[in-house]
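J.: Mind looking over this structure? Questions follow.
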Amino acid sequence: MTEPERIIELSHRVGRIAEDKIALINRITGETKILALNALIEAARAGDAGRGFAVVAGEVKAISGRITDIAEDLKTELAGSISELTDLGERLVQQVRGQRLADLALNMIEIIDRNLYERSCDVRWWATDAAIVDVLEQPEAEKARHAAARLGVILNSYTVYLDLWIADATGRVVANGRPQRYPGVIGASVADAAWFRAAMGTRSGDDYAALDVDSAPLLGGAQVATYATAVRGGGAAAGKPIGALGIFFDWQPQAAAVVKGVRLGEDERQRSRCLILDAQHRVLAASDDGGALRETVTLQNSGRRDGFYETEDGTMVGFALTPGYETYKGLGWYGVVSQQPLAQTGELAPAAAAG
């Protein structure tokens, strides 16, 4: 239990104690008034002999009345203070809980950014590899086998990739790193693929193309984040584009490790959903394994880069826009953590698909 939640619990407890004690005081003063009234009646019956006793009984009755008034004043003043304390505690709980979820969302998208920044470095570096340049400058069978072997060596060291492809200037794939696993790749045309067109359009070897996550039919329909750049003559940064290198990041298991690795307590994990969304709020990864590349989520970010809000059903949603990392500016993705209140379960409601 957080400190603000403890404040709320204590304020409710103080309120209950105050009500119980004031009710007890009222009962006692009520009984005292009855006793005083009975004493006055008996004093009247006693005549002159009971006159002094009647004065005492009257004083007791008056004191009981004042105690009742004090108890009512106390009840009124305490009720206002306790209500204000409870409201303050609830606002603090919302603030602490919401900001924590926003911080977790930011941490999640930052991990993704740093990971994808490395992919942008990989593709620019490997595009200058001699074997990759050679097979495009001198398209011979032996050089294609050598380039494929070189790509295979890279894949053995970088296990986060499904495959690496080299395409010539016409968009025909001339080598890939896993021809046995993906036999339909060699000879396939990628001339119309967004990654190939973007790679061939880069201005220098310092530039690269980063694409949103999508499924790749030639890679068994796997979810991939594709990075690409032009392979340039002589491997020089200012050389003429002679083809393109496309690298296919194995998105699903890598992203799952991030969204499922968010630091939540066990009680929170059962009622929370951690998401990576693209710029159109399409689900790219989810901690419950649902909706990837199919579901679009309503995100009430109101133009903010990060923050939190509470939905009508009490769900708290924290979000953060990609900050980018180094030369990787990001693609407008969001990290989102949606958490149901303790009394409920469920998911962040999907929105109708645009269009």
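The values are calculated or read from the model by the stated rules, or taken from the named source; none is laboratory data. Fair warning: this is a prediction, and the values are worked out from it, not measured in the lab. For neighbour counting, all protein chains shown are included, and Cβ atoms are generated from backbone atoms with ideal geometry for every residue, glycine included.
J.: Which residue is nearest to residue 197 (Cα to Cα), if the candidates are limited to the range 158-176 and must be β-branched (Val, Ile, Thr) and out of contact with any Ser or Thr (no Cβ under 9 Å at 6 or more places or on another chain)?
T.: Among them, the one singled out is 166.
J.: Just checking, how many residues over the range 183-217 are more than 24 Å from residue 139 (Cα to Cα) and assigned to a strand (DSSP E or B)?
T.: Number satisfying all stated conditions: 5.
J.: Moving on to the next point. Hey, does the range 259-272 have a residue that's without any contact (Cβ under 8 Å) to a residue 24 or more places away in the chain and surrounded by 15 or more Cβ atoms within 10 Å (Cβ to Cβ)?
T.: Looking through the range 259-272, at least one residue is without any contact (Cβ under 8 Å) to a residue 24 or more places away in the chain and surrounded by 15 or more Cβ atoms within 10 Å (Cβ to Cβ).
J.: Do we find that residue 138 is closer than 30 Å to residue 324 by Cβ and surrounded by fewer than 21 Cβ atoms within 10 Å (Cβ to Cβ) in this structure?
T.: No.
J.: Of the conditions (1) out of contact with any helix residue (DSSP H, G or I) (no Cβ under 9 Å at 6 or more places or on another chain); (2) surrounded by 20 or more Cβ atoms within 10 Å (Cβ to Cβ), residue 278 fails just one. Which one is it?
T.: For residue 278, the failing item is (2).
J.: Among the residues in the range 238-250, are any under 28 Å from residue 129 (Cα atoms), at pLDDT below 95 and out of contact with any helix residue (DSSP H, G or I) (no Cβ under 9 Å at 6 or more places or on another chain)?
T.: Yes, some residue in the range 238-250 is under 28 Å from residue 129 (Cα atoms), at pLDDT below 95 and out of contact with any helix residue (DSSP H, G or I) (no Cβ under 9 Å at 6 or more places or on another chain).
J.: Tell me which strands (runs of 3 or more DSSP E) are completely within the range 218-315 and hold 3 or more residues being touching a Leu at 6+ places or on another chain (Cβ under 8 Å), or say none if there are none.
T.: Qualifying strands (runs of 3 or more DSSP E): 222-232, 241-250, 272-277, 283-286.
J.: Using beta carbons and a limit of 6 Å, which pairs, at least six apart or on different chains, have the first residue in the range 26-55 and under 26 Å from residue 72 (Cα atoms) and the second one modelled with pLDDT of 75 or more?
T.: Filtered contacts from the range 26-55: 29/67.
J.: Hey, another quick one. Could you say whether any residue in the range 157-169 is over 24 Å from residue 137 (Cα atoms), under 31 Å from the mean Cα position of the chain (by Cα) and polar (S, T, N, Q)?
T.: yes
J.: Filter the range 315-334 down to residues that are within 20 Å of residue 93 (Cα to Cα) and in contact with a Ser or Thr (Cβ under 7 Å, 6 or more places away or on another chain), then give me how many there are.
T.: 2
J.: Can I ask one more? Tell me, which residue of the range 157-176 that is of a type outside the set (S, T, N, Q), in contact with an Asp or Glu (Cβ under 8 Å, 6 or more places away or on another chain) and within 15 Å of residue 228 (Cα to Cα) is surrounded by the fewest Cβ atoms within 10 Å (Cβ to Cβ)?
T.: By that ranking, first place goes to 171.
J.: Next question, about the same structure. Of the residues in the range 324-355, how many are modelled with pLDDT of 75 or more, farther than 14 Å from residue 112 by Cα and among the small types (Gly, Ala, Ser)?
T.: 1
J.: Pick out the one residue from 91, 124 that is closer than 30 Å to residue 273 by Cβ and either out of contact with any helix residue (DSSP H, G or I) (no Cβ under 7 Å at 6 or more places or on another chain) or among the basic types (Lys, Arg) (or both).
T.: 91
J.: Identify all residues within the range 112-132 that are closer than 15 Å to residue 165 by Cβ and either within 29 Å of the chain's Cα centre (by Cα) or not charged (D, E, K, R) (or both); write none if there are none.
T.: Answer for the range 112-132, where residues must be closer than 15 Å to residue 165 by Cβ and either within 29 Å of the chain's Cα centre (by Cα) or not charged (D, E, K, R) (or both): 119, 122, 123, 126, 127, 131, 132.
J.: Okay, moving on. Residues being in a helix (DSSP H, G or I) and either surrounded by 18 or more Cβ atoms within 10 Å (Cβ to Cβ) or among the small types (Gly, Ala, Ser) (or both): count how many of those fall in the range 118-133.
T.: Residues that pass the stated criteria total 10.
J.: Test of understanding: among 66, 13, which residue is part of a helix (DSSP H, G or I), within 30 Å of residue 266 (Cα to Cα) and modelled with pLDDT of 70 or more?
T.: That would be 13, the only listed residue that is part of a helix (DSSP H, G or I), within 30 Å of residue 266 (Cα to Cα) and modelled with pLDDT of 70 or more.
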